[in-house]
Every structure is written in structure tokens, then in C-alpha cells.
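> Structure incoming, see below.
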Amino acid sequence: MSEVLGSIWWLAVTLGLLITFHEFGHFWVARRLGVRVLRFSVGIGYPLWKRTSADGVEYVVAAFPLGGYVKMLDEREGDVDPQMADQAFNRKPVASRIAIVAAGPLFNLVAAVFAFWLMFLVGIPESRPLIGSTNGLAAEAGIETGDVITAVDGSDTRTWSHAILELVTHALDRDRITLSVEDANGIPSEHTLDLSGLDDDFSEEKTLEAIGLEPWRLVVPAVVGEVTDGSPAELAGIRNGDRIVSIAGEDVDSWTWIGHLVQTHGAADQALAVTVERNGRAMDLQLKPMKQKSGWFSSRLILGVTNADISDEQRAMLDRAAIVLRLGPLESLPAAVGETWRLTGTTLGLLWRMVTGTASVKNLSGPISIAQFANSSAMAGFSQFLFFLGAISLSLGILNLLPIPVLDGGHLVYYLIELVKGSPVSEQAQVTGQYFGLIALAGLMSLAIINDILRLVG
């Protein structure tokens with residue numbers, strides 16, 4: 001499966017699952033509170049499958065998977081049999097209506113906790129926040145190459161993802177923070193970083209660069225350790241010990257760069273220019289990459305070579321950097337709740353900063369970025385996909401709670417006003433709110449899609 005098709009597929013799987021679970025929240029709570037449900041639709045658009053249950057609920061699977069809805073009995077949407085009037089949504093007390101509307105985002109929250117719980121149970125291959133080099137603020141603070149970040153201003157940072165999230169938050173606020181580290185001998189120390197001097201045009205995506213921190217990465221020389229029998233490399237004449245110098249005219253700096261260049265410039269059964277160095281002499285070769293299944297539903301181009309052994313020093317650093325976060329069933333639950341809480345705070349903080357202007361609206365992502373992330377996380381492994389699933393579920397829940405009419409949060413605002421004033425918000429006010437809500441939502445979606453396009457072309 002190509003990257004484009006893979007992205008479309010995993011976008012449909014991700015949003016289809018999460019939106020269905022969201023709508024099931026509305027459905028389940030509505031039924032428990034005595035509201036008659038007329039239709040539960042998985043997807044929107046043309047119905048591909050229908051079934052009506054004995055209790056009169058029409059279950060539908062529709063053609064377009066990126067949506068769904070629950071239709072309830074409501075006197076505002078048509079005539080209602082007087083005998084069923086007590087089952088109409090609009091007849092229920094305001095507290096019941098609040099519970100039904102809030103159930104969707106709440107179920108997204110539950111889905112996020114479950115995804116993170118399963119993620120910790122399966123185990124997450126991660127990188128410890130091991131520093132490869134320092135400059136600027138970090139170097140001035142006394143942080144050195146080989147140090148591991150253990151906490152940012154008191155918040156534990158077991159992985160680079162945790163460390164980066166904490167650093168981004170503090171960098172946006174221009175805080176003065178304490179960075180706790182351990183050196184190669186396990187000796188702890190604390191260092192103060194004053195982030196108030198960061199440039200006004202500071203980019204959240206370049207937080208580490210702005211602070212002067214470079215994560216440690218294993219740089220493996222592009223030296224061939226073994227050539228697979230019958231592979232494109234063997235057929236082209238590549239031998240053990242050859243150093244790959246360039247691919248398609250682009251220099252190869254390390255082993256990891258080989259895969260990128262092959263995927264970028266190569267095509268199955270089409271000649272690819274490869275230059276190797278053997279005994280100090282450059283040799284120009286032509287080889288045809290072949291496809292190999294990779295991940296769940298994808299394939300990639302390969303040459304059929306493996307790298308030579310890394311040095312003992314590199315292996316020691318790799319062992320120090322690589323970790324697998326794996327917890328038992330009971331330990332995973334508080335860890336999942338903690339991860340949900342941490343991401344909720346980060347997401348709300350970022351949204352607030354975008355509103356106040358302290359963070360760029362370029363951080364807003366649309367369906368294209370989500371599709372790309374869905375595909376890359378699925379290809380990275382089950383645990384990575386679970387993290388993505390949990391994060392998106394949480395984002396959907398938070399998005400739906402925004403006080404924008406047409407979203408769950410907008411309806412909740414109406415019901416809270418009703419609680420205060422003792423009577424429902426007028427139909428005219430609701431229609432006007434819906435109109436402006438649609439405009440606001442369309443504006444947000446347009447901005448997100450523009451950001452996606454700019455990321456693609458930039």
C-alpha cells in the first residue's frame with residue numbers, strides 16, 4: 001500500500017473508530033435516561049447497510065466513515081405521538097440533556113485512557129532524553145553532552161517526548177526553569193535556564209534548537225556488513241565492507257540516510273545510481289530496488305544490505321538511550337490516567353496560547369496531517385498507533401467541548417444558560433448561534449487545511 005493510500009486508510013480507521021465511540025456515548029446515555037433513539041449511524045452519507053432492531057432503533061452503516069450521528073425523538077424536529085412524548089429528548093429535564101450531550105466527549109476521554117492503558121501494557125519502545133550536544137542557553141547553563149534529562153522544573157521526563165512537551169510549554173511562557181540531569185556515571189545535577197530571552201519569532205517546532213539541545217542519535221557509518229543472497233545489491237556487485245557514498249547523486253552521511261534516499265529516488269525494477277567506495281576507489285553501480293512488505297499494510301523499497309557492526313562505545317550509548325516502557329495491568333491504569341491528564345493540560349494550554357497569540361495558529365492540524373500521522377504511527381508499531389489513537393480521541397473530546405454552537409460544547413452552554421434563567425434559550429437565538437457556529441467551524445477547518453498544505457509544500 002502506498003503512503004497516500006495508507007494515510008487515507010488509517011485516517012478512516014482512526015476517525016471512524018473514535019467518532020463511532022463518541023456517538024455511542026450519546027446513544028448509551030440517552031437510552032439509559034429514557035430517550036427514544038430513532039437511528040444510530042456509523043458514518044454519514046449513503047447507507048450501505050441498515051437493520052432495524054426489535055425496539056425500533058435503525059442501525060446504519062453509511063458510505064463516508066469520517067462521521068456519525070444519533071437521531072433521537074424530538075418534538076422540535078417533527079410530530080411526535082402523544083403516547084411517546086415523555087420519551088422525547090426535548091421533554092427531559094435539563095440535567096438529563098446535559099448528561100446525554102456530555103456523554104460523547106466523556107466516552108472519548110474513556111477511549112483515550114483505555115488506549116494509553118493498553119499502550120503501557122504492550123510496551124512502548126522509546127528514547128531516554130539523552131543529550132548528543134549542547135550550545136547556546138543549554139551550554140551556558142552547564143549542561144553537557146551525554147547528560148540525561150530526568151526532570152523539567154520538577155516534572156519527571158522519562159522519554160524525549162515527555163521532555164519536549166515540558167520544554168515547549170515553558171518556552172512558550174518564557175519561563176525560568178530548572179533542568180535536572182544525570183551524567184554518564186549517574187551523578188545528578190540541576191541547571192537553571194532563563195527562557196525569557198528567546199526570540200519573538202520563536203518556533204515551537206524548534207524548541208530544542210532554540211534552547212541549544214540536540215538529542216543523541218546513533219550515527220552508523222554507511223558501511224555494508226552483509227549482502228543478502230539474490231538481492232538487488234548482490235546482483236549489482238556490492239560486497240561486504242563497501243561504503244555507500246551516494247545514491248541518485250546525493251551524498252550518504254550515515255546508514256539511516258540510505259533508506260530515505262532509496263524511498264525518495266527509487267522505483268521497483270528501475271535502475272538507481274549508487275556509488276560505493278571499495279579499497280579507497282569509487283565505483284559507480286546501477287541496481288534495481290525491490291519491494292518488501294513493511295508494517296501492516298504497506299511495502300518499502302530495499303537494496304538487500306545490512307550495516308556493519310557499530311563500535312562498543314556506540315553500543316553502550318545505544319543501550320543507555322533505548323528503553324521500553326512496559327507496565328503491569330494495575331500499574332498501567334494510573335499511568336494511563338496520568339498520560340491523559342498530561343496531554344489534556346498540554347492541549348488546553350496550547351489552545352489558550354493560540355487564542356491569546358502567544359502560540360502560532362500554525363500548530364493547528366487538519367485532516368491531511370492527521371492522516372499522515374495515522375499512517376506513520378501505524379507503520380511504527382502497535383504501541384505507537386495506540387498512543388496516536390489516544391491522543392486523537394482526547395483531541396476530539398476537547399474539540400467537541402469548545403463553546404461553539406453545532407458542537408457539544410455549544411449545546412452545553414445553552415443548557416447551562418437554561419439552568420440559570422429557568423427557561424430554554426429561544427429558538428431564534430439558537431438558530432443564530434448555529435449560523436455563527438458553522439462559520440467559526442468552517443474557518444477553523446479552513447485554517448487547519450491551509451496549514452496542512454503549507455506543511456506539504458514547505
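The values are calculated or read from the model by the stated rules, or taken from the named source; none is laboratory data. Bear in mind the structure is a predicted one, so any value in this text is a computation, not a measurement. Positions of Cβ are backbone-derived with ideal geometry, glycine not excepted, and every protein chain shown enters the neighbour counts.
> Residues that are basic (Lys, Arg), outside any loop (DSSP other than H, G, I, E, B), at pLDDT below 80 and surrounded by fewer than 12 Cβ atoms within 10 Å (Cβ to Cβ): does segment 301-317 have at least one?
no
> Pairs needed: first member in segment 194-205, closer than 9 Å to Leu172 by Cβ; second member anywhere, modelled with pLDDT under 70 and surrounded by 13 or more Cβ atoms within 10 Å (Cβ to Cβ); C-beta distance under 7 Å; at least 6 residues apart or different chains.
Correct list of pairs: Glu204/Ala359; Glu204/Ser360; Glu204/Asn363.
> Could you identify the single residue in Phe107, Phe120 that is crowded, with 22+ Cβ neighbours inside 10 Å and modelled with pLDDT under 90?
Phe120
> Just to be sure I understand the filter: pairs with C-beta atoms under 6 Å, separated by 6 or more residues or on different chains, first member in segment 424-437 and more than 16 Å from Glu77 (Cα to Cα), second member hydrophobic (A, V, I, L, M, F, W, C). Which pairs pass?
These pairs meet every condition: Val425/Ile417; Gly437/Ile404; Gly437/Val406.
> How many of the residues making up segment 185-221 are modelled with pLDDT under 85, of a type outside the set (D, E, K, R) and closer than 26 Å to Ile258 by Cβ?
4
> Determine, yes or no, whether Ile323 is in a strand (DSSP E or B) and in contact with a helix residue (DSSP H, G or I) (Cβ under 8 Å, 6 or more places away or on another chain).
It is false that Ile323 is in a strand (DSSP E or B) and in contact with a helix residue (DSSP H, G or I) (Cβ under 8 Å, 6 or more places away or on another chain).
> Looking at segment 96-154, what strands (runs of 3 or more DSSP E) fall wholly within it and have at least 1 residues that are more than 20 Å from the chain's Cα centre (by Cα)?
131-134, 148-152
Let's see how each residue does on (1) surrounded by 14 or more Cβ atoms within 10 Å (Cβ to Cβ); (2) assigned to a strand (DSSP E or B):
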{"site": "Leu15", "(1), (2)": "yes, no"}
{"site": "Leu18", "(1), (2)": "yes, no"}
{"site": "Gly25", "(1), (2)": "yes, no"}
{"site": "Trp28", "(1), (2)": "yes, no"}
{"site": "Tyr46", "(1), (2)": "no, yes"}
{"site": "Lys50", "(1), (2)": "no, yes"}
{"site": "Gly56", "(1), (2)": "no, no"}
{"site": "Phe64", "(1), (2)": "no, yes"}
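> Which of the residues spanning segment 30-44 are at pLDDT 90 or above and part of a strand (DSSP E or B)?
Scanning segment 30-44 gives Val37, Leu38, Arg39, Phe40, Ser41.
> Pull up segment 66-97, narrow it to residues that are loosely packed, with under 14 Cβ neighbours inside 10 Å and among the acidic types (Asp, Glu), then point me to the one that is farthest from Pro424 (Cα to Cα).
Asp81
> Next up: Please go through (1) without any contact (Cβ under 8 Å) to a residue 60 or more places away in the chain; (2) more than 28 Å from the chain's Cα centre (by Cα); (3) more than 30 Å from Leu412 (Cα to Cα) for Asp86 and return the number of the only condition it doesn't satisfy.
Checking Asp86 against (1) without any contact (Cβ under 8 Å) to a residue 60 or more places away in the chain; (2) more than 28 Å from the chain's Cα centre (by Cα); (3) more than 30 Å from Leu412 (Cα to Cα), the one that fails is (3).
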